[in-house]
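Q: My structure is below; once you've seen it, I'll send some questions.
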Amino acid sequence: MPHHQGLSHTVLRVTLLLSGTLVATLYLLDTYNMEQFGSAATAALLFSSSRATAQNTNTTSCPIAPPADLNWYPPRKTAVNDLDTVLNGTGVYGYIFNSSTTPSDIPYSTYNYCNMPHARTTEYITPDPDFALQYVEVVHRHHKRTPYASNTFPLEQYPWFCNDESLYYYGAPADNSAAQITWNISQSPLNPFNPTGFPNSTCQFPQITAGGLLDSRQHGTDLFSVYHDLLAFLPSTYDPARLSFRVTNNVITSQVAAQVAVGMYPSLNATTFPVSVQPANIDSLEPQYPCPAADALYASYGISSSNPSWLAHLSAPSTTRLFATLDALSGVDPDATAWHVWFDHYFDNLSSKLCHAKPLPCNDTSTGGLCATATPAALAVFRRALYEYSFIYRDSPHSLSASTASYGVWLAELAHNLRAAMDGSSTVIYRHNVAHDGSMSRLLSVLQVDVMVWPGMGNEVVFELWRATSTGCWAVRVLWKGELLRSSNPGLGLLDMVPVAALLGYIDGLVGVGAKEVPGLCAEN
């Protein structure tokens, strides 16, 4: 049987579903003894069949998922995680970093960091008509934004203006009366302290830009076109009893949610629109709950670690030369440790600029010397940053344990939501979560996606729960980038109408029902 650190597998939980109805939960001991498991599974099938006969139904027994395989499996080898290609290649594999629009002459599924592909009617594949959609849960990263202040250069060479949008910050009592406060970013000429980064700017760092807001709205429109127009699943008017939206404590997710909602339901414009958010110190979506064991595990093999596999790309001569070029272009201190233990800072800065058609850094306007190296340097940064995310969240054998612990609560919430949809205990048929790259990376890590990349702006995973009308059996489909997600884990494989018990068994095996295993997984050793 597979082993996962911190979990005992001497007990196997088998859930039996008949015509979509929960009929029994069996606990099979000594699952290492496969003969004993076979006998128990046979008994379970007999119980299921007799129950069907007793109820005089015409359904056939729904398949029982095999024991969940909780092992880590490596991702597929591609240019993204091939160190030689990363260090010595050119370009970035045909990926897009300079526009929210993917050209029509290339596949929509092409990686576009500025605006990742998502579910829309043009590419959507409708399942067998025998299946009826019962529940959808969407989780995606926010859309494009200004860089974080910590990722701006000591002195940027131009201002960044955000006068083409408004950010609202205000509260209201129970009667909802309030002036709609917007922030106008300004700098006092009397203030002797100048901010670092972009001079005389009118933006927050970060904030979702006007382009990112429009991308968010289109994202909502596209989802509605699939789940209302194509599948006739969502209601025509917004119903808070059937749809639920959730954000993190980072305000940029609320900025996105406001536009996604209007893209789905234009009548929500200028209305009060409640969204769910968990307390900042225990939020499972971002995630923010304390998990020192996961933090320690990430630190043991990834950022700032002495792990040789991690240091291989940072210590390469081409990377040393790249850092020297970047530091000269940006004015970043070569001794600034945070900028040189991974490429996150340079990646966020350069990709944010390119996504908004802003110039790359240049410190030699007279001859074009270093300016000419800015574009190839940016592409070299992007290759290394993608490699880092693949290593941290998929290529390292420790990645599954670290991500399971640090994202296990949200996964347990997902499993709970699927079960609630199946047993009818919830009226909600659609949940929408706006999250971050750290959220999406951990989720893709646990699902063991076969090709891992840095989740770009708007990067989306959709969980669809379907029920066969002929048998009553439940199936789940998972979309990523608008396509079926393929997992390296053979127990999951291509997540296309697989028995829902397979996904639930996998999640339960990793984190426990109701996330009961997560406190132990997160506890310091």
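The values are calculated or read from the model by the stated rules, or taken from the named source; none is laboratory data. Small disclaimer: the values here were computed from a predicted structure and weren't measured. When we count neighbours, we look across all protein chains shown, and the Cβ atoms used for this are built from the backbone with ideal geometry, even at glycine.
Q: For Y301, all conditions in the list (1) within 24 Å of the chain's Cα centre (by Cα); (2) outside the structural domain of T427 (by TED's automatic domain parsing); (3) farther than 23 Å from S401 by Cα hold save one; what is the number of the exception?
A: Answer for Y301: the failing condition is (3).
For (1) part of a loop (DSSP other than H, G, I, E, B); (2) modelled with pLDDT under 95; (3) assigned by TED's automatic domain parsing to the domain that holds D437, each residue gets a yes or a no:
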residue	(1), (2), (3)
F153	yes, no, yes
W160	yes, no, yes
N184	yes, yes, yes
S188	yes, yes, yes
N194	yes, yes, yes
S216	no, no, yes
D222	no, no, yes
S225	no, no, yes
A232	yes, no, yes
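Q: Moving on to the next point. With the condition kept exactly as written, say whether any residue in the stretch 227-239 is in contact with a strand residue (DSSP E or B) (Cβ under 9 Å, 6 or more places away or on another chain) and closer than 27 Å to T146 by Cβ.
A: No, the stretch 227-239 has no match at all.
Conditions (1) buried (at least 22 other Cβ atoms within 10 Å of the Cβ); (2) of a type in the set (A, V, I, L, M), marked per residue:
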{"residue": "L234", "(1), (2)": "yes, yes"}
{"residue": "A258", "(1), (2)": "yes, yes"}
{"residue": "T272", "(1), (2)": "no, no"}
{"residue": "P279", "(1), (2)": "no, no"}
{"residue": "A294", "(1), (2)": "yes, yes"}
{"residue": "A299", "(1), (2)": "no, yes"}
{"residue": "R321", "(1), (2)": "no, no"}
{"residue": "T325", "(1), (2)": "no, no"}
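Q: Among the residues of the stretch 331-338, is there at least one that is more than 21 Å from Y111 (Cα to Cα) and modelled with pLDDT under 95?
A: Yes, the stretch 331-338 has at least one match.
Q: The conditions are (1) surrounded by 20 or more Cβ atoms within 10 Å (Cβ to Cβ); (2) touching a residue at least 40 places away in the same chain (Cβ under 8 Å); (3) not β-branched (V, I, T), and W339 fails exactly one of them. Which is it?
A: Here W339 meets the rest and fails (2).
Q: Could you check the stretch 340-389 and list, in sequence order, the residues that are at pLDDT 95 or above and among the charged types (D, E, K, R)?
A: Passing the criteria: D344, D348, K353, K358, R383, R384, E388.
Q: Is it fair to say L360 is over 25 Å from the mean Cα position of the chain (by Cα), without any contact (Cβ under 8 Å) to a residue 40 or more places away in the chain and either loosely packed, with under 15 Cβ neighbours inside 10 Å or assigned to a helix (DSSP H, G or I) (or both)?
A: No.
Q: On to the next question. Of all the residues that make up the stretch 392-428, how many are in contact with a helix residue (DSSP H, G or I) (Cβ under 6 Å, 6 or more places away or on another chain) and either without any contact (Cβ under 8 Å) to a residue 12 or more places away in the chain or β-branched (V, I, T) (or both)?
A: Count: 3.
Q: I've got another one for you. Restricting attention to the stretch 444-457, does a residue exist that is on the phi < 0 side of the Ramachandran plot, crowded, with 21+ Cβ neighbours inside 10 Å, touching a Pro at 6+ places or on another chain (Cβ under 9 Å) and not in a loop (DSSP other than H, G, I, E, B)?
A: yes
Q: If you don't mind, there's one more thing I want to ask. Taking the condition farther than 22 Å from C291 by Cβ and among the basic types (K, R), does K516 pass?
A: The answer is no for K516.
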